[in-house]
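Sharing a structure here in structure tokens format.
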Amino acid sequence: MSKRILIVVPSAIAAKGLEQVFNDLGEFEVCAILRDINGQELRSMAPDVVIVDPEIFDYASRSSVKARLAEYSDAPVIAFTTGPMDEEQQRQYDGVIGLMDTPPAIIKKVRAALEDRTEAPKAEGEELSQREKEILICVAKGMLNKEIADQYNISIYTVITHRKNITRKTGIKTVAGLTVYALLNNLIDMNSVE
């Protein structure tokens, strides 16, 4: 069964180009092309992957794109960029596709985003410990391992071990994904995310 891709790109030319890349392969099906985010449509389409141009968001809300989309879908979100993108913005996405990427590179990035979501399923019955929740909150707030270690008076290696356990238990590998997890589980509120 082909994976469903939702393309949210305001440029009709760019959106059609992406659609053609996916149609040529047959492994993916473009379920819709939108010019802007519509939460209800996003929820009803149930895409396996969302490809979104960060330019559709105003500058202030670009730092919370992943959290906003997580309200409607748990699909991996891949940024489609037409220009340079700073590292901080890139971290909130499950992948980044550039305007100059070749079709094989685009497919590889989409597959990688899907694999990251399915590789480490949550272990049955395992919940985060209180300390792991504290570490997760710090990670979601953008703290570095050293800062977390200093705050809790533990070694950096202990922080790293907690982070590995959090990843294993949640199945989430990215900081952006962990931030969304913390938001959705009411461990933090939107105002505490940098």
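The values are calculated or read from the model by the stated rules, or taken from the named source; none is laboratory data. Every value quoted in this text rests on a predicted model; they were computed, and no experiment measured them. Heads up, the Cβs are rebuilt from the backbone with ideal geometry, glycines too, and the neighbour counts pull from every protein chain shown.
Being at negative phi, modelled with pLDDT under 85 and touching a helix residue (DSSP H, G or I) at 6+ places or on another chain (Cβ under 7 Å): is that true of residue 72 here?
Taking the combined requirement at face value, the residue satisfies it.
If you scan region 1-16, which residues turn out to be within 17 Å of residue 50 (Cβ to Cβ) and either surrounded by fewer than 15 Cβ atoms within 10 Å (Cβ to Cβ) or not polar (S, T, N, Q) (or both)?
2, 3, 4, 5, 6, 7, 8, 9, 10, 14, 15
Could you figure out which of (1) exposed (fewer than 15 other Cβ atoms within 10 Å of the Cβ); (2) within 24 Å of residue 89 (Cβ to Cβ) isn't true of residue 180?
Result: residue 180 fails condition (1) only.
How many residues does region 20-32 hold that are closer than 17 Å to residue 99 by Cα and either buried (at least 17 other Cβ atoms within 10 Å of the Cβ) or within 20 Å of the chain's Cα centre (by Cα) (or both)?
2
Of everything in region 94-106, what is buried (at least 18 other Cβ atoms within 10 Å of the Cβ) and over 17 Å from residue 139 (Cβ atoms)? Give them in sequence order.
Once the filter is applied, which keeps residues that are buried (at least 18 other Cβ atoms within 10 Å of the Cβ) and over 17 Å from residue 139 (Cβ atoms), region 94-106 yields 95, 97, 106.
Among residues belonging to region 35-50 that are modelled with pLDDT of 80 or more and not in a loop (DSSP other than H, G, I, E, B), point out the one that is farthest from the chain's Cα centre (by Cα).
Checked region 35-50; the qualifying residue farthest from the chain's Cα centre (by Cα) is 45.
Here's something else I'd like to know. Restrict the check to region 51-63 and report whether at least one residue is surrounded by 12 or more Cβ atoms within 10 Å (Cβ to Cβ), part of a loop (DSSP other than H, G, I, E, B) and either modelled with pLDDT of 90 or more or in contact with a strand residue (DSSP E or B) (Cβ under 8 Å, 6 or more places away or on another chain) (or both).
yes
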